[in-house]
Structure formats: structure tokens, C-alpha cells
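The structure under discussion appears below in the form of C-alpha cells.
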Number of protein chains: 2
Amino acid sequence: MATVCRPSVVLPQHTISQEQMISELDKLHPFHPKRDLAFKMIRNTQVDNRHLIMPIEELTIHTGLTHRSRIYEREGRRLSTEAAQQAIENAGLTNNDIDMVVVTSCTGFMMPSLTAHLINSLKLKSDTVQLPIAQLGCVAGASAINRAFNFCQANPKANVLIVALEFSSLCFQPDNVELHSFISGALFGDAVTSAVVRGDDLAKGLRLQNQTTYFMQDSEEYISYDVKDSGFHFTLDKAVMNSIQYVAPIMEMLNRREFNAPVADNDFVIFHTGGRKILDELVKHLELAPEKVNLSRESLSQLGNVASAVVFDVLQRQFDAPPTDGSKGMYAAFGPGFTAEIGVGVWQ
Amino acid sequence: MATVCRPSVVLPQHTISQEQMISELDKLHPFHPKRDLAFKMIRNTQVDNRHLIMPIEELTIHTGLTHRSRIYEREGRRLSTEAAQQAIENAGLTNNDIDMVVVTSCTGFMMPSLTAHLINSLKLKSDTVQLPIAQLGCVAGASAINRAFNFCQANPKANVLIVALEFSSLCFQPDNVELHSFISGALFGDAVTSAVVRGDDLAKGLRLQNQTTYFMQDSEEYISYDVKDSGFHFTLDKAVMNSIQYVAPIMEMLNRREFNAPVADNDFVIFHTGGRKILDELVKHLELAPEKVNLSRESLSQLGNVASAVVFDVLQRQFDAPPTDGSKGMYAAFGPGFTAEIGVGVWQ
């Protein structure tokens, strides 16, 4: 029906360690009254390193939305093509086999979107369906898998190319002094990931079996952007930590429906790396063996939270430690709304 | 399989005639060297009237992206709820029957998007699938119908709520002096339209039969936004007029595949009102009787080009002059990429 093939992961060349980031924030706001608390919280994120599209010394000066949009477009065009081409090869397909292209990206805005760019740069077919998704934030990667799954259900043997491109650093606002802004500035990273969902299942990967979505009433303020003259201003409310207890039962319900067993019995899980606490909450409420989320923790530590790109980075790590055929797994991501997109599949 | 039910159309309270708009542009740029040519071209658009979210005297002063984003959000929340509630009633459904909500809007940006707002304001089910589409411009309305069609193919009996919300006036840039900017400022209008695609076909409307999409290689510059400190700057290249000759054969192919007849033999057409010339080109290349596009011309004259909202406005006009059961029709919209989304259906 639909198999997510081996993802590609393309990381921008610049990197920053967490101690370097703390030092940069200290230079920007040396007399901040919550300086010590902020740095303690940042050290607590378990993010050790991140990749950035530009060197940090260029990001701590706000050059304006016009300039940042140009960087987004230039690097977006370059890196999306590279990631997509690799993902198509990973799937054992050629560019001419792609029927739909989904691009998820909440950290910049282009119209025509990168879906149009990819059809041109990869010379995809002229009847390729485009689905650019800009407003689902971190949940968009799993959402793209679920929409690709729907598309393959409607069009058996279709192949869907997904590119998740996030340049979170272009949303860094050096003048923002709220505590949550400091944390976001040290949590989110840049990455481009891509994968093909292959309708004929003739490739190794995660064979999709079932899916669901969950929306939490009256929680729009948990994760949000303000769009201002200076670009996107991201707000992360700590109340978002309370959401996992409500989504966990939904995840259990889907898993039982498909596998007649709790999530804890699954062989693997591919979870969004919302942050250390989100992963802790998942382990707690799903009663998971802590090592089950090791790949998500590894991704968080090495890349930070790369928003919609996370789920494909974690899935790629799973390909490097492949489960045996028939292994049962779940993927899930969480984002603004508050929204969760969840699915279950079998490794084949 | 999937029927587009009667749309709702909600128009902002402020209006402006074309002569008033010419007078406003004259006040802004009294010594513009192409003043006479610009006004001649504007009078040639056949747009007589448009609705606006704010009075014109507030739009000709640029209050900045921060302020415009607030207006977009406030009015977007209010008018999307009103339009959606009416569309659900038109479909003979209750809010609890909706399984997916699609919001198309390229004239403002929110995260969480209006899909989240609608789930909250209409108390939709907690497993409602969200699909916010921001980057497909004018083609997004027809794209939403086609994605809803796919979703119903994958989930028979599902009901998809679509809201197309465009406040083009919030992208008016009073300082832009290019000729195409003058034309855009006098062509695009504000409107909110909505319709439900009902999977069980148990309502009057356009029963969807088949669909396709068409992307024109290397034409990204035909229709585009630049995202700047002062917001979205829209560019419309006159080369877009040449696109219809290439998309017409694709439309014919789809129509022949489904109805074994040329588009000219269809009983009705629901076409995007890209502009007078786009409609002329469609009539010419599809060899249509000129009156076939009367409803599109009416919409263009009374509302201007309301981007992704057009297709539902024209469809609502078709409901007011309903074809007999079994009548054959085509819908099509065109937008950035250059991209066309096309479909055929039967009136039931």
C-alpha cells in the first residue's frame, strides 16, 4: 500500500555547540535578570550540537526579513534538490517515477513554493501533484507521511516525494528577551530531510498500516508564531509539556487497533524530538523501556529539534540499525494546534 | 464518491469601485510617468467593484506587517467561522460530521493556522485532519477540491470542509510603482468562501469524477511573492497570459477521457477568474461559446480576482442557475508554479 523508504539527511555546513550558544546569548544580553536560570535551562535541553545555515555571528545581527527570505530561498533551492535526489535514489526510483511532491517548511515562505522548484530542478513529470505545507510546524513531517499514505490509498502504486526543510536559525530574533525565546534559540536546529513513500511497497522500509490525528481543544497558544515586520517570532508555552498525557491514550488506541498490543510492546518507535521533557513524557505515559527512544534522543543531542525534518532523521537512524522484517513500529510528531499526527507500520 | 455541496460566500463590508481605486492610485503617485497607460489598463480589467477588509484610506498607508498580520488574524478568525458554518449547513451536515478541514489562504500567515481555529470555534472532532495551504495562490481552491477528492477516495464517506480566505488588500503595497503592481492593486479582491465535499454524495452538487494537475516547466516567475520587511510583494508577469494555450490541451485530454467529448460540449464550466485576458484565452483555446464563462466574468466584475476563493464563488453562482441533473462540467484554476488544477464532474 505505501512504504516509507530510506530518508536522506542533508545538514548545513555551519555548527554550534551548546556552550558556544550560551556564550553568544550572554554577549547579546549580559545583564539579563534571568541569565543564570536561562543558561541552566539551556544546559538541561540535552542538545549538544546544532547545524546552522549561516555562521552564528551573522545570525546574532538581525538583517531583516527581506535579507533572511533571500537566504532561505537560495539555500532552500540548493539543499532541497540535494536531499530529494538522494531520497529518490534511496527508494530505487528515478525522478520520472514521482507522482506527488510534498514540501514541509515553517521557517521561511516562498511562492511559488519549493514544490515548484523541485519539479523544475529534478525535471519531475508535468502532472506531479504539489502539496506545500507551511503552517503545521513540527507536526508537518508526520502529517506529510499521513497525507502521502492517503494519496497512495487513492492512487495505488503512486510515489510521493517528501522534503522537510527547516532553517530555524532564520527565525532567531536576537532582540527577544523572553526566557522561552532563549530556550527556542538554543533548541531548534537547521536540517533538510527527504524520503519517498512508495506505493508499490517494492523497497525496504516502513510499510504503513494505519494512522490517526489528534487535536487538543483550546491549546492554540502552546506553540505559535507572530508574524511581524522582523519576521516570524516563535513562542513555546511550557504548558505544551502537559499535552502528552492526553495524546498517549490516542496512540495506545491506534496501536491496539492495529497490533492488538500496547505501544510498549512495539519493536521500535520514531518520535518527534520536541525536547527532552517531551521524550520523558512519552516514556512515562506509554510505559516504554527508556532505550526505545534512544534514536530520538541521539537526534536531539546532535541536531537539536529540527521541526518537521525530525521524523525522517530519526527514521534514517532506524535504517542504520534495521529491525528484523515484520517488526512493529509507531511514528508520531507533535506541533502547533496542539496537533499530533500518528501512524503505525511494519518493517519490511 | 465525493460531491462539492453548495458553497457559502462571505464578503467583507467595505467596497471600492474601479474609478475610486484609480483616484486613490492617482493620489499616491500623481506624477507617475506611466499614469495614463496604467489607468487605461485598469479600466480594461473589467473589474467594476471589489470588497475590502478595511476602508481604502487605511490601506493606502502601509501600517507594517505586524499590524497587517493582526488584522488578518482577527478578521480571518471571524469570517472563516461564519463562512464554514454556513457551508456545513448548506451540505445538510452538522459540525460533528467533518473529518478533514482544508484552509487555503496566500494573503496572510498564521501558525497555528485557521484550520486549528476552525476546529476550536466549530467544535469539530478531535481527530479532524488539518490541511492548511498557503503557497499555492490562486490555484489553491481547485487544489483543495482535488485533495478533498483524494481524501474521500481513501476514506469513503468522509466529509471535507474547505475554507478559502483571501484578504488580498493586506498585500497592497502603496509605495510600489511598477505597472504590474498598479494592476494587481486594482485586480485582486477580498472574500471568504467555503464548501463541503461530501463523501457519501447524499447532497445536491457537483459530483467529482476525475481530476488532473499540470505544471509548466521553468515558469516560476509568472506569478510570485517576494517576502520582505513590509510583507508580501506580489508580482504578476504578463507572460502568464501565454500559459493557457499549453494547459488547454491538458483540459481537453481530461474531458475526453471522462466524457469522450471536448470541453466545448460540456454543459457548464467553473473557471478561475485570473483576469479578463485569461478568460478570453480559455474561450479561444477551448473553442467555447463565449456565454459559457459568463458566471466567471460576473464574479470578476463584482469581486475582482479573489484568488483561491474564486472557484467557490463561481460555483455558488452555478447553484443559483442550476444545471439539470446529469449535466457535465469542468472546474479549473491557475496559479503560481505555473500550476493548473483541473477536474470534471456531473451535476446531481
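Considering only segment A:151-167, I want to know if a residue exists there that is closer than 27 Å to B:A307 by Cα, open to solvent by 10 Å² or more (accessible area, probe 1.4 Å), within 13 Å of chain B (Cβ to nearest Cβ) and at pLDDT 95 or above.
Yes, that holds for at least one residue.
Right, B:T107: open to solvent by less than 20 Å² (accessible area, probe 1.4 Å), in a loop (DSSP other than H, G, I, E, B) and modelled with pLDDT of 95 or more or not?
Answer is yes for this residue.
One line per residue, one yes/no per condition, for (1) among the β-branched types (V, I, T); (2) touching a strand residue (DSSP E or B) at 6+ places or on another chain (Cβ under 8 Å):
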{"residue": "B:H180", "(1), (2)": "no, yes"}
{"residue": "B:G189", "(1), (2)": "no, yes"}
{"residue": "B:V196", "(1), (2)": "yes, yes"}
{"residue": "B:Y214", "(1), (2)": "no, yes"}
{"residue": "B:Y225", "(1), (2)": "no, yes"}
{"residue": "B:M241", "(1), (2)": "no, no"}
{"residue": "B:E258", "(1), (2)": "no, yes"}
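What is the residue count in segment A:304-326 for residues that are open to solvent by less than 10 Å² (accessible area, probe 1.4 Å) and in contact with a Phe, Trp or Tyr (Cβ under 8 Å, 6 or more places away or on another chain)?
Of the residues in that region, 7 qualify.
Just to verify a result, which residue in segment A:198-212, among those that are open to solvent by less than 30 Å² (accessible area, probe 1.4 Å) and aliphatic (A, V, I, L, M), is nearest to the other protein chains (Cβ to nearest Cβ)?
A:L208
Is it the case, given these coordinates, that A:V139 is crowded, with 24+ Cβ neighbours inside 10 Å, more than 8 Å from chain B (Cβ to nearest Cβ) and in a strand (DSSP E or B)?
No.
Read through the list (1) in contact with a His (Cβ under 7 Å, 6 or more places away or on another chain); (2) on the phi > 0 side of the Ramachandran plot, then give the number of the only condition that A:Q46 fails.
(1)
Mind listing whichever residues of segment B:269-303 are buried (at least 20 other Cβ atoms within 10 Å of the Cβ) and not in a helix (DSSP H, G or I)?
The answer is B:V269, B:I270, B:F271, B:H272, B:T273, B:G274, B:G275, B:L286.
For the subset of segment A:111-136 comprising residues that are part of a helix (DSSP H, G or I) and in contact with a helix residue (DSSP H, G or I) (Cβ under 7 Å, 6 or more places away or on another chain), which member is most open to solvent (accessible area, probe 1.4 Å)?
For segment A:111-136, the residue satisfying everything is A:S121.
Return the residues of segment B:55-81 that are open to solvent by less than 20 Å² (accessible area, probe 1.4 Å), under 26 Å from B:C5 (Cα atoms) and within 14 Å of another protein chain (Cβ to nearest Cβ); say none if nothing qualifies.
B:G76, B:S80
Going through A:A191, A:A195 one at a time, which residue ends up being open to solvent by less than 10 Å² (accessible area, probe 1.4 Å), in contact with a His (Cβ under 9 Å, 6 or more places away or on another chain), touching a residue at least 40 places away in the same chain (Cβ under 8 Å) and away from chain B (no Cβ under 14 Å)?
Exactly one of A:A191, A:A195 is open to solvent by less than 10 Å² (accessible area, probe 1.4 Å), in contact with a His (Cβ under 9 Å, 6 or more places away or on another chain), touching a residue at least 40 places away in the same chain (Cβ under 8 Å) and away from chain B (no Cβ under 14 Å), namely A:A191.
Looking at (1) closer than 23 Å to B:F338 by Cβ; (2) in a strand (DSSP E or B); (3) among the hydroxyl-bearing types (S, T, Y), which one does A:S194 not meet, given that it meets all the others?
Only one criterion is unmet by A:S194, namely (1).
Across segment B:82-111, what is the total count of residues that are within 14 Å of chain A (Cβ to nearest Cβ) and closer than 17 Å to B:E166 by Cα?
11
List every residue pair whose Cβ atoms lie under 9 Å apart, where the two residues are 6 or more positions apart in sequence or sit on different chains, the first residue falls within segment B:229-246 and is open to solvent by less than 40 Å² (accessible area, probe 1.4 Å), and the second residue, located anywhere, is assigned to a strand (DSSP E or B) and among the charged types (D, E, K, R).
The qualifying pairs are B:F232/B:D226; B:H233/B:D226; B:F234/B:D226.
Counting just the residues of segment A:23-54 that are within 29 Å of A:L295 (Cβ to Cβ) and in a loop (DSSP other than H, G, I, E, B), which one comes out farthest from the other protein chains (Cβ to nearest Cβ)?
Applying the filter and picking the extreme gives A:D48.
Give segment B:149-166 a look and list any residue that's among the small types (G, A, S) and either assigned to a strand (DSSP E or B) or out of contact with any Gly (no Cβ under 9 Å at 6 or more places or on another chain) (or both), or say none.
Those that are among the small types (G, A, S) and either assigned to a strand (DSSP E or B) or out of contact with any Gly (no Cβ under 9 Å at 6 or more places or on another chain) (or both): B:A154, B:A164.
In segment B:310-342, which residues are assigned to a strand (DSSP E or B) and under 15 Å from the mean Cα position of the chain (by Cα)?
Passing the criteria: B:Y331, B:A332, B:A333, B:F334, B:G335, B:T339, B:A340, B:E341, B:I342.
Tell me which residues, restricted to segment B:81-104, are assigned to a helix (DSSP H, G or I), among the polar types (S, T, N, Q) and out of contact with any Leu (no Cβ under 8 Å at 6 or more places or on another chain).
Once the filter is applied, which keeps residues that are assigned to a helix (DSSP H, G or I), among the polar types (S, T, N, Q) and out of contact with any Leu (no Cβ under 8 Å at 6 or more places or on another chain), segment B:81-104 yields B:Q86, B:N90.
Which condition does B:I250 not pass, out of (1) within 30 Å of A:L65 (Cβ to Cβ); (2) at the interface with another protein chain (Cβ under 9 Å from one of its Cβ atoms); (3) in a helix (DSSP H, G or I), if it passes all the others?
(1)
Are any residues in segment A:8-23 surrounded by 15 or more Cβ atoms within 10 Å (Cβ to Cβ) and either under 30 Å from A:N90 (Cβ atoms) or at pLDDT below 95 (or both), and if so, which ones?
Across segment A:8-23, the qualifying residues are A:S8, A:V9, A:V10, A:L11, A:P12, A:H14, A:T15, A:I16.
From the set of residues in segment A:107-126 that are in contact with a strand residue (DSSP E or B) (Cβ under 7 Å, 6 or more places away or on another chain) and among the polar types (S, T, N, Q), which is nearest to B:I133 (Cα to Cα)?
The residue in question is A:S113.
Just to verify a result, which residue in segment B:168-186, among those that are more than 14 Å from every other protein chain (Cβ to nearest Cβ) and not in a loop (DSSP other than H, G, I, E, B), is farthest from B:T94 (Cα to Cα)?
Per the stated criteria, the residue is B:L179.
Count, please, the residues in segment A:213-228 that happen to be touching a residue at least 12 places away in the same chain (Cβ under 8 Å) and either assigned to a loop (DSSP other than H, G, I, E, B) or more than 7 Å from every other protein chain (Cβ to nearest Cβ) (or both).
6
The values are calculated or read from the model by the stated rules, or taken from the named source; none is laboratory data. Here the structure is a predicted model, which means the values were calculated and not measured. FYI the Cβ positions are ideal-geometry reconstructions off the backbone, even for glycines, and counts take in every protein chain you see. Keep in mind that these areas ignore ligands, DNA and RNA; they rest on the heavy atoms of the full protein, side chains included. Shrake-Rupley method; radii C 1.70, N 1.55, O 1.52, S 1.80 Å.
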